[in-house]
Structure formats: C-alpha cells, structure tokens
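Beneath this line is the structure, given in structure tokens, with notes to follow.
Each value in this text was obtained by applying a stated rule to the coordinates, not by laboratory testing. These numbers come from a predicted model, not from an experiment. We place every Cβ from the backbone using ideal geometry, glycine too, and count neighbours over all the protein chains shown.
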Amino acid sequence: MSQTVFVSQQEVPDLLPMAECIEAMRGALAALARGEGIQPLRPVMWLPEKVGALGMMPGHLGSIDTMGIKTVTVFPGNAGSEYDSHQGTVMLFDSGNGQLKAVIDATEITAVRTAAVSAVATDLLARPDARVMAVLGAGVQGASHLEAIPLVRPIDEIRVWSRHPERAARLASAGHDESEVRPVDSVAEAVAGADVVCTTTASREPVLTDDLLEAGMHINAVGSSVPFAREIDSAGMARSRIFVDRRESTLNESGDFLMARSEGAVVDDDIVAELGEVLIGTHAGRESDEEVTLFESLGLAIEDIAAADLVYRNALERGAGTRIEFGGARHD
C-alpha cells in the first residue's frame, strides 16, 4: 500500500521558502493562462451572521500532474486570538490514479503563497525603481508581505499601519534585513510617497481611498476576498488599472470590484488582464510611470496546489513529514 505524507503547520515554513514559492506561483499562474489548469469557482458555506466560513477549493495543474483541494475555514474574528483567521488543509492527489499523496497544513501555505502571488504582481506591475512600501494591516499577511515584496524590488523603507497600533509596533520591531521598518499612526502617513501599497486588513469598509492614491503607485489589494467587504473605495478602483488572479473569481467574489461596479464606478471590461496573461506575454502590464496599478488578490486553488506540491517534494527530499498508510488499496 502506498503511503501518504502528512506535513504539520510547524514543518511547512522550512519546506516552503518564500523565494521558491514566488517562482512556483509564476509557474502556476502562467500554466493557468496557457490552459494547463482547471480552476473552478470555490463553493463557500457561511455560518449564521457570517461569523465564519468553510471554503472548498479544488483544482488541477497539468504542469505538475497534480490535482488537489484546499479546505479552509475563515474566521476574521480570530484576529488577536490564539487562532489564525485561516485554518485548514491542502490535500494532493495523483492525477493518474487518484492516490492521496499528501495532507498539508493550509495555514502556513495560505500565509506564504498569498504574499508570493503579490510579489509576482509587484514584479510585473510596480515601477522598477520602487523603494518605499506601505503595509496596511499587521497580521499574518502583513508580516508575509513584508518578507515577500523586498525579494522583487529594492525596498529600503517600509511603513506599517494597523487599527491596533501595538500590532503595527510589534511587526515593525521584528525588522527586516535590508529595509528600515517603522510603525505609523495613520493610513495617510503610511501611503504618502509609497511606491507599493499592500492592503492586508480584515476591514469591511475602505481603508485606502482615492484621495490617498498617487501617480505611479502599485497596490496589492489582499484583504477582501468576499463580496460584502472591501478595502479600496469606488473612486480608487476607477482610477486604477485593475489586474486579477482570475477574472471569473473577481466577478463573483471581489468586494472591492463588485461594490465599485454596483456604484457605477467600474465595469467588467475595466479588468485589464490576469497575472498569468501578463506572464506569458498576451497582455501588457504597466504602461507608464504615472499610472496606478492594482492587483486584486482573491487566492486560487492552483496556487495552493503549486505551493503544496513544493512542500511535498521538499518533504520527500529531506525526509520531513509523517508517512502513513492511509488507504486507497484495491478491494478484490
């Protein structure tokens, strides 16, 4: 009987280095754009009063001959508690025989691959000389973006803002090897003169507004992945050239986009391109130093599968994880 590899939350970070994950995300998004992936819309089951949700994210990547599913719970109210807001598993299956190859903690995968995709977007869309970054939100994604973005741009100044100043101070105090990191008291102070802005909050109302946007900015809009919450106001969306991970997902799930559309600020055709289309050269990215570019990040199953596959391969190479005979043998 074949064995399934189980990888714990504590093991994932060593098996999913950010730089390697960024390259895996490039490959996955490009494969999707070339038609080498299957990416259905994710069904989401919400609990009463929308206090939490269970999402199911299946997908297939022909480029690595793997199919998989992430099951993830999302509880925004966990912020500041002992529990992460995103918890779950990624399961990988062999697409030739259906064998369950791996079960991997999804909390760390989500943390790393989300920021890695933002790094891909930043590399494609931010000005080459971008040096100042603003991080709005000081939770898990704030920390991950602080690590990821300087890997693709020569960032030397990072400003961190949070509605909870103590969290911004704590994140800033962790520092960064190549950048000066400091907490600030307001969104306006964080984004003034910033070249890259990462919104990583759990806000349901806009935290970044059009009056704060400046020519040449690139924005990674990360925190809003449901239709009823947004971080960017309608005027800001209308001002920006909008890039997405997947058009279908944006038109069904993105609060930033859907609320702006309902207010008449944008239309579907205002989505310029998917990142994968820019990667394979079928659409242009940034076209001038003055335009504001915005990447609307929702998260895709193929990203989780590519990240989990990297974890799985590194675990096999290093003898990490726990191997269990888990089933799948034929019954005669």
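Structure above, values below:
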| read-out | value |
| --- | --- |
| Debye-sum result for the range 127-296 in log10 I(q)/I(0), which assumes one identical scatterer on each alpha carbon, at q = 0.08 Å⁻¹ | -0.22 |
| Order of K70, K101, K50 under a 10 Å beta carbon neighbour criterion, fewest first | K50, K101, K70 |
| In the range 138-225, GluC sites (Glu not before Pro) in a DSSP loop with at most 12 other beta-carbon atoms within 10 Å | E178 |
| Selection from H60, Q39, A111, by position along the positive dipole direction of the range 1-138 (Cβ) | Q39 |
| For the chain, alpha-carbon Rg over 2.2 N^0.38 Å | 0.97 |
| The range 1-85, dipole about Cα centre (Lys/Arg Cβ +1, Asp/Glu Cβ -1), debye to the nearest 20 | 380 debye |
| Computed magnitude of the charge dipole of the range 271-332 (debye, nearest 20; Cβ of K, R +1, Cβ of D, E -1) | 580 debye |
| With Cα atoms, 0 to 90° folded angle of helix 18-33 axis to the chain main axis | 90 degrees |
| Structure-based [θ]222 nm, the chain - -39500 (n - 2.57) summed over DSSP H runs of at least 4, per residue, nearest 500 | -9500 deg cm²/dmol |
| Signed unit charges on C-beta, dipole axis of the chain, positive-most listed residue V226, L310, G98 | G98 |
| Mean-position separation - Cα centroids, the range 268-332 and the range 1-47, in angstrom | 6 Å |
| Given charges at Cβ of Lys, Arg, Asp, Glu: the range 127-296 dipole, positive-most of G137, P154, A238 | G137 |
| Compactness of the range 249-332, expressed as Rg and Dmax over alpha-carbon positions, Å | 20.5, 67 |
| Taking M56, M133 and counting other C-beta atoms within 10 Å, the order from fewest to most | M56, M133 |
| Student exercise, the chain dipole from Lys, Arg, Asp, Glu Cβ charges, in Debye to nearest 20 | 720 debye |
